[in-house]
Amino acid sequence: MSKAKILILGGGFGGIFTALELAGSADVTLVSDEDHFLFTPMLYEYLSGEVEAWHIAPRFDELLDDNINFIQATITGIDLATQSVLLAGHEPVNYDALVLAIGGVTNYVGVEGAENFTLPFRKLSHADNLRQRMVAALDRIPPDFAPQDARRETTFAVVGAGASGCELSTKMADLLNDAFKRRALQGEPRVLVIEMGDRVVPGMGDQIREFVEDALHKSRVEVHTQTRVVKVTADELTFEHEGTQESLKTAGVVWTGGVKMSPLIEHLDAEKNKRGLLVVKPTLQLSQHVNVFALGDIAYYPDATPTLAGTAQLAFQQASLAARNIKAYMEGNEMHTKHFEELGEALSLGTERAAVLTGGKAFGGALARQARFALYTSRLPTWQHRLRVGASWFFGGTTPQPLLPLGFER
Ligand SMILES: Cc1cc2nc3c(=O)[nH]c(=O)nc-3n(C[C@H](O)[C@H](O)[C@H](O)COP(=O)(O)OP(=O)(O)OC[C@H]3O[C@@H](n4cnc5c(N)ncnc54)[C@H](O)[C@@H]3O)c2cc1C
């Protein structure tokens, strides 16, 4: 008898961990537009050179063994009625059970120029682009430039002071400050983080916020709360604070302002909540399609602690439940449900610090940085990859790579 065909769409946290748990139990196919998984929580360390691409973005052909098929392709359509999925440059693929794990896309919330002129920060290539932009800005400054001119040439803004914006801005500021010293430039660079709300990391508790505020201060990041970005051009950012607008010349603006659903999910004929997320049952199945499971950033799962929404932690935990329920579905057994809780927080704050919240207690500094590396080694996919990366960090170190002039860069 031929095995049931399970099609998993998306090779991020939800997709890869579901695939790995299902390996061997059915005819499993994983589809992703990238050739690698990405451990997004460490994209900041990739920007700074503390980690290398292979550590946090292992290729699927290394992670998946022969009993999982992998197709690298862009998904262009999902038809739940005919149980088929369209892939660019490939024949349509049919399935017996489908896993939707395609994650979200950057949400520019309609701000003029944001989509065209800001840098997104969700992929390896985005981190490469941002690093190049910082190097290019530094390379434009002659050694005798006046401090105020050097500062203007190296003004970078990060939009959104959620965890991502704070992690990114501290990392950028540390790298740029270090480069100013190495290149003996006068003055200092300017990094701003801009937030609409009245505080940084609005979704997090006060304990961890203290460490974040301290790190922003030590990395000399300018924090602008209750400030709304209204327009971005190739070299200028306009923002509004208490009814007054101000424009600023910028060398780069990075957008970490939010996530929305991809058109694939928008067009899917299935129940959604007000934010456009797919409403799933406690078993992760779509309400009208027992053979379709959704998880991660695209799914609204009522029985999860609210602060987990849109996190890797949630997608990672849901992957186990999805795999277990797909097996149960194929074998005609009873489905399982699970309440998902926070596993703790770990933020990278600049190149020397981090903050970790675990068991209700927060700690920071260099020790937290080490703890974060240790914790994340254990969360990478497959024990073989964990071992290789753990050994590399332990023996090779995790020293940041300075922003060198073009030609000497990585
Ligand atoms: C920079 C950054 C840092 C983060 N840090 C943290 C953190 O510290 N802690 C935390 O808990 N969460 C963090 N997150 C959030 C976390 O990454 C997401 O919540 C998590 O990845 C969601 O998993 P997912 O499987 O739903 O989607 P994703 O991991 O986004 O995976 C989606 C996959 O689908 C693929 N895909 C999408 N569209 C298509 C298409 N049309 N065709 C083919 N393939 C497609 C993508 O390439 C990707 O491989 C961070 C996110 C970012 C961007």
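Things to note:
- Boolean, GLY49 is crowded, with 23+ Cβ neighbours inside 10 Å, more than 10 Å from ILE68 (Cα to Cα), out of contact with any Cys (no Cβ under 7 Å at 6 or more places or on another chain) and not hydrophobic (A, V, I, L, M, F, W, C): no
- For segment 181-203, the tally of residues that are crowded, with 21+ Cβ neighbours inside 10 Å and farther than 11 Å from THR256 by Cβ stands at 7.
- Residue check, ALA97 under 29 Å from HIS36 (Cα atoms), more than 18 Å from the chain's Cα centre (by Cα) and surrounded by fewer than 21 Cβ atoms within 10 Å (Cβ to Cβ): no
- The number of residues in segment 304-314 that are modelled with pLDDT under 90, within 15 Å of LEU278 (Cβ to Cβ) and in a loop (DSSP other than H, G, I, E, B) comes to 1.
- Screening THR250 with (1) crowded, with 16+ Cβ neighbours inside 10 Å; (2) within 16 Å of the ligand (Cβ to nearest atom); (3) not aliphatic (A, V, I, L, M) gives one miss only, at (2).
- Output for segment 89-138, where each listed residue is closer than 24 Å to LEU277 by Cα, among the small types (Gly, Ala, Ser) and free of Cβ contacts under 8 Å to residues at least 60 places away in the same chain: GLY110
- The single condition among (1) closer than 17 Å to GLY15 by Cβ; (2) surrounded by fewer than 18 Cβ atoms within 10 Å (Cβ to Cβ); (3) without any contact (Cβ under 8 Å) to a residue 60 or more places away in the chain that SER320 does not satisfy is (3).
- Among the conditions (1) modelled with pLDDT of 95 or more; (2) part of a helix (DSSP H, G or I); (3) over 23 Å from the mean Cα position of the chain (by Cα); (4) within 30 Å of HIS289 (Cβ to Cβ), the only one that GLU334 does not satisfy is (2).
- Enumeration of residues in segment 337-354 that are in contact with a Ser or Thr (Cβ under 7 Å, 6 or more places away or on another chain), part of a loop (DSSP other than H, G, I, E, B) and within 16 Å of the ligand (Cβ to nearest atom): GLU341, GLU342, GLY344, GLY350
- Qualifying residue in segment 151-161 (condition: at positive phi, touching a residue at least 12 places away in the same chain (Cβ under 8 Å) and not hydrophobic (A, V, I, L, M, F, W, C)): yes
- In this structure, THR311 does not qualify as among the β-branched types (Val, Ile, Thr), within 13 Å of the ligand (Cβ to nearest atom) and surrounded by fewer than 21 Cβ atoms within 10 Å (Cβ to Cβ).
- Pick from segment 99-119, criterion over 20 Å from ILE298 (Cβ atoms) and not in a loop (DSSP other than H, G, I, E, B), ranking: nearest to the ligand (Cβ to nearest atom): LEU119
- Within segment 259-307, being among the small types (Gly, Ala, Ser) and within 11 Å of the ligand (Cβ to nearest atom) holds for SER262, ALA294, GLY296, ALA299.
- Strands (runs of 3 or more DSSP E) completely within segment 157-252 that count 2 or more residues being under 24 Å from the mean Cα position of the chain (by Cα), of a type in the set (A, V, I, L, M, F, W, C) and within 23 Å of PRO400 (Cα to Cα): 190-194
- You will find that of PHE39, PHE13, the residue that is in contact with a helix residue (DSSP H, G or I) (Cβ under 8 Å, 6 or more places away or on another chain) and within 8 Å of the ligand (Cβ to nearest atom) is PHE13 and no other.
The values are calculated or read from the model by the stated rules, or taken from the named source; none is laboratory data. Just so you know, these numbers come straight off a predicted model, no measurement behind them. Methodologically, a virtual Cβ is constructed for each residue, glycine included, from the backbone with ideal geometry; neighbour enumeration extends over all protein chains shown.
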